[in-house]
Amino acid sequence: MKLALKLVLAIVVGIVLVLAVDGYFRVRRQLEAFEGDMKRDHAAMGRALAEVVADVWEIEGEAKAFEIVESVDKRKANVSIRLLGLDVLTNSIPSMEQAARVQDSVLDGELATAFIDHQGGSPFLHTFVPVIPAAAPVAAIELAESFAPHEAFVRVTIIRSVFITIVTVVLCSLLVVAFGMFFVGRPLKRLVEKTRKLGAGDFGTPLKLRQNDEVAILAEEMNLMAERLARANAKAEREASARIAALEQLRHADRLTTVGRLASGIAHEVGTPLNVISGRAKMIAKGEADGGEIRENAVIIAEQADRITKIVQQLLDFARRREPRKERVDLRHVVEGTFTMLRPMAEKRGVRMVQVNDGVSTDVEADGTLIQQVLTNLVLNAIQAMPGGGWLTVSFSRLRRSPPLEVGAEEGTYLGMSVEDQGEGILEEDVPRIFDPFFTTKGVGEGTGLGLSVAYGIIREHKGWIEVESVRGRGSVFSLYLPCPEAPALDA
Amino acid sequence: MTPDTLNEKYGAPGSGRVRVLLAEDDDEMRRLIAETLRRDGYLVMEAPSGAELMSLLERLQNGGDGASVADVIISDIRMPGLDGLEVLRELRSRHLTMPFILITAFGDDETHRRAEELGATAIFDKPFDLDDLMTVLANTPVLHKLQKMAG
């Protein structure tokens with residue numbers, strides 16, 4: 001549990017710091033106390049002795065004074081007491097400074113102390129008490145005591161302190177690790193596992209922690225999050241399947257539309273003539289028609305039958321398209337042929353047809369019949385687009401074009417033939433669908449919507465394509481493009 | 001067409017002959033139905049489209065005496081411009097309640113349902129037997145009464 005180790009480190013540092021600082025100050029205080037005690041002892045003893053010695057010095061003389069000091073010294077085991085003449089006062093003091101200080105003090109009649117290190121490194125407290133028999137100090141009593149026992153005591157205290165520190169550290173570390181593992185480590189492990197499972201998409205059962213702290217709060221939040229994620233996931237899945245279902249439906253409807261349109265187209269185109277045929281035939285059968293009327297009815301029946309035949313043929317044509325039989329064809333002749341065929345219809349509506357050519361060669365390699373079929377369809381559409389009459393213009397152009405992607409041909413020279421009318425035009429939204437099979441803008445009954453898609457197919461088989469441009473209210477231009485033959489044109 | 005000539009061609013109201021307005025864009029089909037109706041004594045006014053039918057109705061209304069100018073209307077559904085169902089809706093919205101028969105080439109459930117909703121008397125899917133149409137006309141109560149009135 002790495003977290004516990006960090007905590008332990010922090011605790012260790014804290015404990016060590018506190019205990020060390022406390023220990024240090026305690027030791028110092030201890031030493032100071034010892035020093036103070038010792039000094040007081042020395043001072044008390046020293047002063048008392050100094051008075052006695054001063055009296056003896058005065059009354060019985062210097063030698064007697066030394067004797068007394070010697071006998072006292074013998075009686076005191078831990079303190080060595082000497083009577084020093086002023087001249088030898090500072091002999092035992094190594095430091096010049098200290099020596100000077102002591103000397104001055106004593107001469108002033110004041111007590112002085114000095115710490116002096118003896119051999120072996122152990123410090124001694126030397127106390128110098130001036131002996132003043134009369135008015136001025138004549139000698140000083142030197143009390144010297146070793147600080148060593150106290151130092152030993154201090155050492156023991158330090159060791160004890162360190163020991164306690166170590167024990168505390170170890171105990172606390174163990175406790176931290178134990179509590180950490182129990183309250184943090186294990187729950188966290190469970191949380192980590194839960195998170196991992198969430199990540200893998202397993203929303204599972206909520207994690208319940210039996211504690212009442214931040215980790216438990218985290219666990220609760222994780223549970224809530226898991227719940228929300230599960231719901232969002234379910235929603236996304238539902239939406240995805242709904243979208244797929246909708247797409248399927250659209251595709252289905254799309255297919256239905258084409259088939260549906262075809263079916264309704266056939267139903268109308270064939271149903272109506274059939275009705276007429278059936279009605280007329282029944283009239284004849286029931287004897288409701290007489291003489292000339294019988295013939296009339298028969299004529300009508302025949303006409304309607306023809307109508308149905310044409311529709312069936314158109315449908316078959318759409319279903320089966322024959323291979324184009326290509327030969328050198330002059331499109332001008334094709335146009336003339338188409339005009340001739342459709343002139344009566346055009347004139348009925350007041351449509352004037354004209355062919356325009358700026359000297360462009362109109363030779364192509366194509367199946368003349370099929371091209372005529374295409375042109376017929378285009379011209380017919382143009383005528384029907386101008387119920388009030390107008391100009392129908394067929395024009396030629398020769399240009400370098402890159403065909404649309406679906407043609408799959410490369411850039412090349414193409415012969416363009418355009419059929420332009422001044423009719424109602426095509427609605428913008430209808431333009432992209434204009435070549436779709438069964439798409440028609442005419443009322444049902446005027447066409448099954450197969451003409452343009454058949455035309456498009458024929459031109460595609462010739463490695464060309466048809467384009468349309470239309471302005472509502474102004475007219476439309478249908479342009480078909482066929483590849484120019486490789487042989488050079490016969491006219492310039 | 002002046003109101004008088006209308007009445008001449010069409011017969012004045014109350015003359016005992018049922019007046020039919022027929023809208024069908026296919027010429028042969030319209031001829032067939034009109035002929036069959038006339039053969040049975042109905043008076044028929046023909047219109048090649050829904051729009052024509054409406055304008056015919058309007059002219060007749062203005063020229064007539066305000067009473068119903070047509071006793072029954074027969075209309076194809078799919079015609080250029082105004083289609084049969086729209087004509088029906090228009091008439092009903094003007095509170096004209098005469099019998100209305102629809103003919104259609106593509107009679108799916110949706111179309112039949114809408115026809116019923118709009119209050120059509122009957123709907124025929126092409127191709128249908130003309131005898132069935134005549135039977136429906138004969139059995140429509142309103143028309144029955146009219147014929148009886150004249151005696």
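Answer yes or no: is there a residue in segment A:125-143 that is assigned to a helix (DSSP H, G or I) and in contact (Cβ under 8 Å) with a residue 24 or more places away in the chain. For segment A:125-143, residues assigned to a helix (DSSP H, G or I) and in contact (Cβ under 8 Å) with a residue 24 or more places away in the chain: absent. One residue is enough: does segment A:244-260 have a residue meeting the conditions aliphatic (A, V, I, L, M) and either under 30 Å from B:Arg38 (Cα atoms) or at pLDDT 85 or above (or both)? The answer is no; no qualifying residue exists. Per the listing A:Thr309, A:Thr272, the residue uniquely at pLDDT 85 or above and within 14 Å of chain B (Cβ to nearest Cβ) is A:Thr272.
Return yes when A:Gly423 is under 58 Å from the mean Cα position of the chain (by Cα), exposed (fewer than 14 other Cβ atoms within 10 Å of the Cβ) and small (Gly, Ala, Ser) and no when it is not. Judged against the criteria, A:Gly423 is not a match.
For segment A:140-166, a residue qualifies if it is hydrophobic (A, V, I, L, M, F, W, C) and touching a Pro at 6+ places or on another chain (Cβ under 9 Å), and the qualifying residues are A:Ala140, A:Ile141, A:Phe147, A:Ala148. Residue count for segment B:105-124, restricted to those that are at pLDDT 85 or above and out of contact with any helix residue (DSSP H, G or I) (no Cβ under 8 Å at 6 or more places or on another chain): 4.
On the given criteria, is B:Met45 more than 14 Å from chain A (Cβ to nearest Cβ), in contact with a Phe, Trp or Tyr (Cβ under 7 Å, 6 or more places away or on another chain) and at pLDDT 70 or above? Here the answer is yes, as B:Met45 does meet what is asked.
Number of residues in segment A:1-25 that are part of a helix (DSSP H, G or I) and farther than 18 Å from A:Ile164 by Cβ equals 8.
Among the candidates A:Val156, A:Val88, A:Val79, the residue that is without any contact (Cβ under 8 Å) to a residue 12 or more places away in the chain and within 18 Å of A:Phe34 (Cβ to Cβ) is uniquely A:Val156. Among the criteria (1) more than 60 Å from the chain's Cα centre (by Cα); (2) at pLDDT 90 or above; (3) surrounded by fewer than 20 Cβ atoms within 10 Å (Cβ to Cβ), the one A:Gly359 does not fulfil is (2). Whether any residue in segment B:88-102 is out of contact with any helix residue (DSSP H, G or I) (no Cβ under 6 Å at 6 or more places or on another chain) and within 14 Å of chain A (Cβ to nearest Cβ) is what I want to check. There is no residue in segment B:88-102 that is out of contact with any helix residue (DSSP H, G or I) (no Cβ under 6 Å at 6 or more places or on another chain) and within 14 Å of chain A (Cβ to nearest Cβ).
Within segment B:79-93, restricting attention to residues that are within 16 Å of the chain's Cα centre (by Cα) and part of a loop (DSSP other than H, G, I, E, B), the residue that is nearest to B:Arg114 (Cα to Cα) is B:Asp83. Scanning segment A:34-76 for residues that are within 14 Å of A:Ala134 (Cα to Cα) and surrounded by fewer than 19 Cβ atoms within 10 Å (Cβ to Cβ) returns A:Glu51, A:Val52, A:Asp55, A:Glu58, A:Ile59, A:Glu60, A:Gly61, A:Glu62. Let me confirm something: among A:Val379, A:Val477, A:Val394, A:Val374, which residue is surrounded by fewer than 20 Cβ atoms within 10 Å (Cβ to Cβ) and either at pLDDT 90 or above or among the acidic types (Asp, Glu) (or both)? That would be A:Val477, the only listed residue that is surrounded by fewer than 20 Cβ atoms within 10 Å (Cβ to Cβ) and either at pLDDT 90 or above or among the acidic types (Asp, Glu) (or both). Against the conditions (1) more than 14 Å from chain B (Cβ to nearest Cβ); (2) assigned to a loop (DSSP other than H, G, I, E, B); (3) free of Cβ contacts under 8 Å to residues at least 40 places away in the same chain, A:Arg325 satisfies every one except (3). Being under 30 Å from A:Val129 (Cβ atoms), free of Cβ contacts under 8 Å to residues at least 24 places away in the same chain and part of a helix (DSSP H, G or I) is a description that applies to A:Arg28.
The residues of segment B:36-52 that are in contact with a Gly (Cβ under 9 Å, 6 or more places away or on another chain) and assigned to a helix (DSSP H, G or I), listed by number, are B:Thr36, B:Gly50, B:Ala51, B:Glu52. Taking the criterion of being touching a residue at least 24 places away in the same chain (Cβ under 8 Å) and within 14 Å of chain A (Cβ to nearest Cβ), the only residue of segment B:108-122 that qualifies is B:Thr111.
Of the residues making up segment B:130-147, those that are closer than 18 Å to A:Glu288 by Cα and either buried (at least 19 other Cβ atoms within 10 Å of the Cβ) or at pLDDT below 90 (or both) are B:Leu130, B:Leu133.
To keep it simple, each residue is scored yes or no on (1) closer than 27 Å to A:Ile217 by Cβ; (2) surrounded by 14 or more Cβ atoms within 10 Å (Cβ to Cβ).
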residue	(1), (2)
A:Thr165	no, yes
A:Thr168	no, yes
A:Leu171	no, no
A:Leu174	no, no
A:Met181	yes, yes
A:Pro187	yes, yes
A:Arg190	yes, yes
A:Arg196	yes, no
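Only a single item in (1) within 30 Å of A:Pro273 (Cα to Cα); (2) within 48 Å of the chain's Cα centre (by Cα); (3) at pLDDT 85 or above is not met by A:Trp465, and it is number (1).
The values are calculated or read from the model by the stated rules, or taken from the named source; none is laboratory data. From a predicted model like this one, the values you see are computed outputs, not experimental measurements. Positions of Cβ are backbone-derived with ideal geometry, glycine not excepted, and every protein chain shown enters the neighbour counts.
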